[in-house]
1. Taking Cα pairs under 8 Å and at least six residues apart, what relative contact order does the chain come out at, in percent?
2. Full extension from residue 108 to residue 83: what is 0.36 nm times the residue separation minus their Cα-Cα distance, to one decimal in nm?
3. Pairing the Cα long axis of helix 109-119 with the longest principal axis of the chain, what angle in degrees results, from 0 to 90 and rounded to the nearest 10?
4. Between residue 92 and residue 127, what FRET efficiency follows from the Cβ-Cβ distance if R0 is 22 Å, with the result rounded to 0.05?
5. Quick one: among 29, 89, 49, which has the greatest mean-square fluctuation in a GNM of the chain with alpha-carbon springs under 10 angstrom?
6. Report, in deg cm²/dmol and to the nearest 500, the calculated mean residue ellipticity at 222 nm for the chain, where each DSSP H run with n ≥ 4 adds -39500 (n - 2.57) and the sum is divided by the residue count.
7. GNM, the chain, Cα, under 10 Å: largest mean-square fluctuation among 52, 76, 33?
8. Would you indicate which of (i) 20, 18, 14; (ii) 41, 17, 12; (iii) 25, 17, 15 is the value of semi-axes √(5λ) of the Cα gyration tensor in Å derived from the coordinates of this structure?
């Protein structure tokens, strides 16, 4: 059986940690090999940069009264709408409404607590949002 070549490049986005990939050796047995890829690092960094831009846009929209703090925390925690919807156990169309300030202001404690739990913050931090910190 042919041995699979595994890339072993540095990946700074992993902060010194390495991923493991299982491959087969020349005798066909499975072996663990450390894995690193510059291409994967580039893709990860691009995604992180995109979330930072979305977070800045959310801050701007919150200051204008358009978006709710849920929008900021969603991007802060690197989530998208489907991910957040599944985490709070609500339909996407409902969560999408909560991303708007006019609907966010009407949310009750039970719904706010679901979001606060997912974002690992208090309900007060979510309700009394000030500039992301």
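Taken together, the values in this text are just the output of simple stated rules run on the coordinates, not laboratory data. Predicted, not measured: the structure shown is a model, and the values here were computed from it. Neighbour counts run over all protein chains shown; Cβ positions are idealised from the backbone, glycine included.
1. Working: 138 pairs, mean separation 22.7, N = 133.
That works out to 17 percent.
2. Details: separation 25, 0.36 × 25 = 9.00 nm, distance 2.16 nm.
Length gained, residue 108 through residue 83: 6.8 nm.
3. Compared with the principal axis, the helix lies near 30 degrees.
4. Numbers: r = 23 Å, r/R0 = 1.03.
It comes to 0.45.
5. Comparing 29, 89, 49 in a Gaussian network model of the chain, the most mobile one is 29.
6. Working: 7 runs with 69 residues, N = 133.
After summing the helix terms and dividing by residue count, I get -15000 deg cm²/dmol.
7. Answer for the Gaussian network model of the chain: 33.
8. Recomputing semi-axes √(5λ) of the Cα gyration tensor in Å here gives the entry labelled (ii).
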